[in-house]
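Working notes for the structure below.
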Amino acid sequence: MSRFNQGTVFTAKNCVGCNKCISVCPVLGANISVADEGHARVEVSQKCIECGLCVTACNHHARDFRDDSDAFFEDLNNGEKISVLIDPTFYLIYENKASAILAYLKKAGVNKIYDVAFGAEISAYFHAKYIKEHMNENGRCKEFIINSCAAVVNFAENAHPGLLPLMIPVQSPSLCTAIYVKNVLKDDSKLAYISPCLTQADEIRSNDNGAEVTYSVTFKSLSKKIKIDNLPQERAKADLKSTGVGNLASYMSGFLDMIALFFDRSEVTDFYNGLSEEIIKRLENFSASGREIHPIALSIMSCYEGCVGGNGIRKRESNPSTIIKAYEIIRENCYRNTPFVNSPKKYYERAQKRYADLDIQDYMRIFHDRYRQPYIVPEDAIQDIFLSMHKDTKVKQNINCESCGYRSCRDMATAIANGYARVQDCVYYMNDDLRFAALKDRMTGIYNSLGFRKYAAEILRDNPDKNYIVMVGNVNRLKSVNDLYGSEAGDKVLCYIAKEVNNFIDGKGIVARFGGGVFAVLLENDPDFIASYKSFETVDVRHLGIYFPVTIRYGYYNITDNTMDIGSVTNLCTYAADMATDRTHNTFVEFTDEMRNEMKAETDITLNMRSAMEDGQFVVFMQPQFDHKTGRVVGAEALSRWLKPDGSIVSPGVFIPVFEKNGFIKALDKYVWESVFKLVSEWEKSDILHVPVSVNVSRVSLESDDIVDTIAVLTKKYPINKNNIYFEITESAYMKNQDEIVDRVTKIRNLGYKIAMDDFGSGYSSLNSLKDIPLDVLKLDMGFLRGGTNVDRGNNIIAYMVDMAKALKLKIVAEGVETKDQADFLTERGCDVIQGFYYAKPMPVEKYEEKLSE
C-alpha cells in the first residue's frame, strides 16, 4: 500500500506537479513531490491536516477529498437509524432549496434533523464562561483562540503545538450540538454531520469529541447524490432550531460575534483569515512572551472566505452577493428576536439560567500535542543541497521566487533534505541545468573538463604575473572498488574525493572531474601548499565501508607561460601520471623534457601511421626458425618493419606500443596477416620450400569479435594449406576477459589453424592459460638463460617448462636464442625449434626466400 493519499485529501491522476498545492499548504511535508515514470506529481502525506486549501487552489482539479456520503446513504437505505446535524451555512448556500433538501432527507429515512446553530449558542456560552472564569487580575484569559475551525485545531495539534496553550478548551458548535442531542435529547441514532467542511471528517473521529458522530457529509457530495435541482416541491424543517443568535455562526466571524455579546463593547475581539506564516508568528509571539495584551477572543478560519467558502461546497452553489444578502436578513432577525443583545451582563445572566442544567465538563475539549519534531537539517547538508541545485552564491540561495511552492530557497532545501521535494522542482535549477551540465560534473558537483578549461584559462589570463601548477590524477583500482563493492560505492568514493580535494583547496584554485576516476586541479604554485597537498599518501574511505586504501596517480606540470593552452597542459599531466608504476600510495610525477621528446615521437608516429600504410612503408620481415640438430629451416615468424622513404627504419619497439595505445595495431595486424596469406599462397604455387609461418595477434585485435570474421575472409580469399600458417597470441592478452579470449581462440582453431602461445615465461605466466586455451605450440622466452647470478636455476626452470610442454603434447619453439650453448642446452632438453640471433635476424622476404632455396 502506498504511504501517500491515504487520508481525507488525495491527489487525482491528472496532477501536473504545478506546486500550487505546496504554496497554499500551511504544513511542511504534507505535500510530497514525486516522479512517476517521468511524470511529476505532488502526493499527499500523513502530515496533511485536511484543511482543504489545496483542493480549492488546484486549477487542474487534481486534488480531491473523501467523505462518508456513500456510507451514509447506503446505511440509510438499509434502514439504519440516523439523525443529521445541519451546519448553519446550509441555509445561506441553499436558501429556498434548503427545506426541500430537508424534506428529501426525511423521506429517505432520516430520524431527526438538528440545526447546529442551536449548539453554536451552547458553545458560545461555554467559551464566554471559560474566559470569564479564568481571567487574571488584568482581565485577560491566557486561552483566547476560540474553537471555530476544525482545520485550525488540526494545525495546532499536528504542526504548531505552540498554539495549543492559547486555545479555549471548549467543543465546537457542531460537537456541542451532538453532545446535547445525545445527553439531553437522548437520541440513540447514529449521527451524520452535513457541512461545507471536509475537515469535519477528522473532527468527528476524534476521541475527544464527547459524542459519537459517524458520518461527515459535505454539501458537494450531498448535491451530487440527491440532484438538488430536480427535487420535488416538498418542505420540511429541523426538529431542533436556534431560538437566539445561533444562525450568526453561518458567516465569517459570526461565531466570534456571538461570543462577543457576552462582553463589554470595550473588549476587543479579533478575526484572522487563513493560516499564513505571518499570523502564526504573531500568535507564537503571544505564547512565547506571555504577553497579556491580546484580544479577549480570537477566531481563526482556515478558509479565506470562512465556512461559506468551504472546500466542501460546489463553487456554482456559492454566490457571494446572494449569501451576503441572505446573511443580512439572518443577522437582523437574530438581533431583533434575541433579548438583551445590547446588555452583555443581562445577556450572560440569561444564558446562565438557560443552560443551568448543562455540565460544562461535558462540553470541554482536550487538545493533544501530536506534533512530531522534524529532522533538524545541519547547515552543511543545506549547503550540499544548494550546491546540487547550482546555488553556489548567497544571491542564488535567496532568490525566493516561490515557484516551487515554498516560501524561500532555504525552505525548499529543507524540504529536499526531508524527502518532501526534489531539486527538479526548482525552476531556476531546471533553467540553469543545461548550462550547468555543460560546465559541471553532475555526480560530484565540481567542474567537468569543459568547465576546467574555461575557468582555468580565465585564471591564467587574469593573473599573468603568477605561476601555477596543474595536476591530473587518476584513481587507482577504481575497477576493484566497483567489482567488490558495486558501482554505487565507486561513485561515493569519487564524490568523497571531489569533496575532500575541493575543501582542501578552499578557494586557492579549482578542481574538476574529467570522467571516470580522473580529476584535475589548478593551484597557485605555492611550494608549501603544494607540499602539503602531496603529503597525503592515500584516500581513507573506511567510513564508506571500503576497507582498502584508495590511491591516486598524479601527473603535474609547472606552468611558466600563462598563455599555454590548458587542454594541452592537462594532456601532458596525463602522460606523466601514466609513468607511475606504484599503486600502493599517491604518486606525483612531474612532466619532464624527456617525456616531451617521447610524446613528440609518439605524436609523429600517430600523425604518419595511416599515410605510411597507404604508401606501403610497412613491410613484412621473416625471422627463420631452425631445427638445431640438422640446421635446416623449419619455419618462420612474420614481423613488421616500418621503412621510411629516406631509408631509415622505425624500430617496432617504438611504433608497436604506440599502435597498441591508439588502436592502430588492429589495422597493422590485418595488413601483416593478408601479406603472409598472399606470400604462402604464392609459395605453394612455386618450388620454394613450404614451412609454417607464424603471424602475431595483438592483444587489441584479440579483444574484438571481428577477428574471427577477418581470418575467415582471408581463408576464403587465399585457399592455402592451413598447416602453413599459425597464429601467435601473447600470454598477457589472456589476463583480461579470459572467457571471451578462450572463445575467440577456439573459433580460430576451429577454422583449421594452429595456435601458439608467445613469450611464455616473460612475466605473465599462468598455468591456467595452458589449461584453458587450445594450444598447439609453446614459444618459450629465453629471459631465464640470459646473464644474472642464477643461471643454473634458470636452466632448471626451462627444463621443467619443456617437460611440461612435452607432457601436454605441445610443439616447443625457443625464441631469443643468442648463443650456441643456449641452442645446445635447449635441444638437449627436448626443444623442437630454435629461433633467435644465433641463427638469423629478421630479414626481408627476398632474403628469406633465398635461405629457403639453400
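In the range 46-143, a dipole from Cβ-located charges (positive for Lys and Arg, negative for Asp and Glu) runs towards its positive end, and of Ile93, Ile49, Cys141 it is Cys141 whose Cα lies farthest in that direction.
Would you mind classifying the range 262-323 by shape? Square roots of the alpha carbon gyration tensor eigenvalues, ordered a ≥ b ≥ c; an a/c under 1.5 is rounded, otherwise it is prolate if a/b is larger than b/c and oblate if not.
On the way: a/c = 4.28, a/b = 1.75, b/c = 2.44.
Because a/c hits 1.5 or more and a/b fails to exceed b/c, the range 262-323 counts as oblate.
Packing around the peptides 304-314, 69-79, 191-201, taken as the average count of other Cβ atoms within 10 Å per residue, puts them in this order, highest first: 191-201, 304-314, 69-79. For the range 69-185, a/c is not less than 1.5, where a ≥ b ≥ c are the root eigenvalues of the C-alpha gyration tensor, and a/b tops b/c. That puts it in the prolate class. Between the residues Val713, Val700, Thr746, the greatest Cα displacement towards the positive end of the dipole of the range 691-746, with unit charges on the Cβ of Lys, Arg, Asp and Glu, is found for Val713.
The range 190-259 and the range 671-707 have their alpha-carbon centroids 97 Å apart. Under 13 Å of direct C-alpha separation, and excluding same-chain neighbours fewer than eight residues apart, Lys670 reaches these aspartates and glutamates: Asp706, Asp709.
Computed over protein heavy atoms with a 1.4 Å probe, the carbon and sulfur contribution to the accessible area of the chain reaches 49%.
Rounded to the nearest 20 debye, what is the charge dipole size of the chain about its Cα centre when +1 sits on each Lys and Arg Cβ and -1 on each Asp and Glu Cβ?
Values: 101 positive and 115 negative charges, 643 e Å.
For this selection, approximately 3100 debye.
If you count only protein heavy atoms with a 1.4 Å probe, what accessible area per residue comes out for the range 575-665, rounded to a whole Å²?
Values: 4750 Å² over 91 residues.
Ligands and nucleic acids excluded, the figure is 52 Å² per residue.
Largest first, the residues His61, His690 sort by 1.4 Å accessible area into His61, His690. Only helices enter this figure: runs of n ≥ 4 DSSP H residues, each worth -39500 (n - 2.57), summed and divided by the residues of the chain, yield -12500 deg cm²/dmol at 222 nm to the nearest 500.
Each of Val341 and Lys809 was given a label point 7 Å from its Cα along the Cα-to-Cβ line. The distance between the two points is 11.8 nm.
Can you give me the relative contact order of the chain as a percent, contacts being Cα pairs under 8 Å and 6 or more apart? Spell out each step's value before the answer.
Values: 1444 pairs, mean separation 70.2, N = 854.
Once normalised by length, the contact order is 8 percent.
Entry comment: accessible area of the range 91-211 is 30 Å² per residue, from protein heavy atoms only and a probe of 1.4 Å. If you take mean projected area of the Cα convex hull in nm² from the coordinates, which of (i) 34.2; (ii) 36.0; (iii) 56.2 do you get? This structure yields the entry labelled (iii).
Take each peptide in 91-103, 351-363, count the other Cβ atoms within 10 Å of every residue, and average; sorted highest first, the result is 91-103, 351-363.
Relative contact order, whole percent, for the range 295-447 stands at 12, derived from Cα pairs under 8 Å and 6 or more residues apart.
For the set Ser853, Ser640, the ranking by accessible area, highest first and with no ligand, DNA or RNA atoms included, is Ser853, Ser640 under a 1.4 Å probe.
Here the range 620-640 and the range 402-456 have alpha carbon centers that stand 67 Å from each other.
For the range 376-441, the per residue solvent-accessible surface stands at 50 Å², with DNA, RNA and ligands left out and a 1.4 Å probe.
Can you spot the lysines whose alpha carbon is less than 27 Å from Lys129's alpha carbon? Ignore those fewer than 8 places along the same chain. Of all the lysines, those that pass the test against Lys129 - Cα under 27 Å, at least 8 places apart if same chain - are Lys142, Lys182, Lys186, Lys241, Lys345, Lys346, Lys353. For the residue pairs Lys722/Lys811; Lys644/Lys779; Lys81/Lys112; Lys754/Lys779, the C-alpha atoms sit more than 19 angstrom apart in Lys644/Lys779.
Explain nothing, just the number: dipole magnitude of the range 238-374 about its Cα centre with +1 on each Lys and Arg Cβ and -1 on each Asp and Glu Cβ, in debye rounded to the nearest 20.
Using only the charged Cβ atoms, the result is roughly 300 debye.
The Cα center of the range 805-846 and the Cα center of the range 144-187 differ in position by 103 Å.
Run the dipole for the range 117-185 about the Cα centre, Lys and Arg Cβ at +1, Asp and Glu Cβ at -1, nothing else charged, and hand back the magnitude in debye, nearest 20.
Rounded to the nearest 20 debye, it is 60 debye.
Note on surface exposure: Cys401, Cys54 rank Cys401, Cys54 by accessible area, highest first, 1.4 Å probe. Across the range 237-323, the relative contact order, built from alpha-carbon pairs under 8 Å that are at least six residues apart, equals 31 percent.
Within the straight-line cut-off of under 13 Å between alpha carbons, the aspartates and glutamates reachable from Lys492 are Glu500, Asp540, sequence neighbours fewer than 8 places apart in one chain being disregarded. Each of Leu175, Asn154, Thr199 was scored by the projection of its Cα onto the charge dipole of the range 58-203, and the greatest displacement toward the positive side belongs to Leu175; charges sit on the C-beta of Lys, Arg, Asp and Glu.
The values are calculated or read from the model by the stated rules, or taken from the named source; none is laboratory data. What you are looking at is a predicted structure, and each value in this text was computed from that prediction instead of being measured. With ideal geometry, Cβ positions are generated from the backbone for all residues, glycine too; neighbour counts draw on all protein chains shown. Note: areas computed on protein heavy atoms with side chains; ligands, DNA, RNA excluded. Shrake-Rupley method; radii C 1.70, N 1.55, O 1.52, S 1.80 Å.
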